[in-house]
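Reading through the structure tokens given below for one structure.
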């Protein structure tokens with residue numbers, strides 16, 4: 001098993017200007033590892049992080065989108081795997097933090113936690129690239145290649161919590177963080193508009 005904070009630090013070092021969509025407790029760990037206005041916090045919609053990330057990937061097809069999903073969250077929206085694999089956004093990387101519990105709700109165990117294979121679900125859904133990591137050294141070594149692949153990419157991260165976290169829900173849910181995200185999107189949207197080819201003119 002990897003410690004979540006160590007795992008996230010390795011990812012943060014390589015994120016560049018990617019938009020990252022972290023879910024629930026992972027959001028606080030990610031905020032500490034990689035504070036950025038390009039963090040999109042989907043807390044409050046359990047199970048919807050992957051769907052939010054898909055919307056961002058479709059709306060910003062030239063920009064890397066990374067979702068840090070939860071195992072319990074994904075169990076609430078398994079249909080998203082089929083939808084994402086079918087649409088096949090090239091810019092989407094879907095990581096699942098698998099710790100076998102609903103950590104945000106008192107660490108209740110997820111159903112089938114010792115039997116469920118999220119990697120198996122993703123392969124069956126049709127993701128072209130599927131990985132599973134429980135060793136930090138292997139994760140650090142392979143991460144640059146994983147992030148460079150044409151998506152959608154799916155990775156299961158076998159994790160245990162890191163250092164104790166400060167759960168600042170007022171910040172996560174507050175209007176200021178959303179406004180910063182909107183402001184950070186403006187140049188990305190402008191760049192996307194200029195990079196699109198002009199429509200063909202027909203007579």
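Of note:
- Distance between the pseudo-spin-label points of residue 178 and residue 78 (7 Å out from Cα toward the beta carbon): 3.2 nm.
- For q = 0.10, 0.14, 0.19 Å⁻¹, Debye-computed log10 I/I(0) when each Cα of the chain counts as one equal scatterer: -0.40, -0.79, -1.49
- When the Gaussian network model of the chain links Cα atoms closer than 10 Å, the mean-square fluctuations of 17, 170, 71 top out at 170.
- Between segment 1-24 and segment 116-173, the Cα center-to-center distance that results, in Å: 9
- Compared with the dominant Cα axis of the chain, that is its longest principal axis, helix 49-59 is turned about 10°.
- Relative contact order computed over segment 2-188 (Cα-Cα under 8 Å; 6+ residues apart), in percent: 26
- Antiparallel DSSP beta bridges within the chain, percent to nearest 5: 10
- Residue-averaged [θ]222 nm for the chain, counting only DSSP H segments that reach four residues, each worth -39500 (n - 2.57): -13000 deg cm²/dmol
- C-alpha long axis of helix 136-148 to longest principal axis of the chain, angle in °: 20
- Radius of gyration, Dmax [segment 1-103; alpha carbons; angstrom]: 12.7, 35
- The residues 83, 25, when put in order of fewest to most other Cβ atoms within 10 Å, stand as 83, 25.
No value in this document is a laboratory result; all are computed from the given coordinates. A quick note: this is a predicted structure, and the numbers were derived from the prediction, not measured. Backbone-built Cβ (ideal geometry, glycine too); neighbour counts: all protein chains shown.
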